[in-house]
Each structure stands twice: as structure tokens, then as C-alpha cells.
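Q: Handing you this structure, nothing more for now.
The values are calculated or read from the model by the stated rules, or taken from the named source; none is laboratory data. Note that the structure is predicted; figures quoted are calculated from it, not measured. Cβ atoms come from the backbone with ideal geometry, glycine included; neighbour counts cover every protein chain shown.
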């Protein structure tokens, strides 16, 4: 029995990452955020995963995380840092 192809909206995709964002504004790395906030890189990753700190992917394949200065300022304001 031949397989029927799934409609485009129901196809599984291997890439579940958000799209790569292109911007001319300088963004901060996870390590830079950790140094500025006096915490560990793991803590920054936890904040991103919890949705407290907005980050986006850059670079080839979108593997690198970056945080905009505005997102970092909002995070610091909400957490009284």
C-alpha cells in the first residue's frame, strides 16, 4: 500500500528552533550576560529556558545564542538586578 504524503502543515520538521534573526544591533553572548550579572552561564541558560530572558539564534545553522541589550535591560529590571 503506497504512503500518502502529509499535507504541508502536518509534516514533521527536524528543525524546531526559532528562525535565525538578522540585525545590525550588537547583541550580547550568554557569557557576557553572566559576567554582567555576576552569575554563571548555567543560570543565564536557565533564565532563557524559563522564558525570563529573551534570546535568539545566530550563526551557521543557528546554533549560537545571543541576547539583545533591550532584552537584558528588561530582564534586569524585572529581577531587580
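Q: Please indicate, with yes or no, whether at least one residue in region 23-30 is modelled with pLDDT of 55 or more, surrounded by 10 or more Cβ atoms within 10 Å (Cβ to Cβ), assigned to a loop (DSSP other than H, G, I, E, B) and out of contact with any strand residue (DSSP E or B) (no Cβ under 7 Å at 6 or more places or on another chain).
A: Within region 23-30 (the criterion being modelled with pLDDT of 55 or more, surrounded by 10 or more Cβ atoms within 10 Å (Cβ to Cβ), assigned to a loop (DSSP other than H, G, I, E, B) and out of contact with any strand residue (DSSP E or B) (no Cβ under 7 Å at 6 or more places or on another chain)), the answer is yes, since at least one residue qualifies.
Q: Go through region 53-70 and count every residue that is within 17 Å of residue 38 (Cα to Cα) and either within 13 Å of the chain's Cα centre (by Cα) or without any contact (Cβ under 8 Å) to a residue 24 or more places away in the chain (or both).
A: 2
Q: Have a look at 20, 44 and point out the one that is at negative phi, surrounded by 14 or more Cβ atoms within 10 Å (Cβ to Cβ) and at pLDDT below 65.
A: None of the other options fit; the residue is 20.
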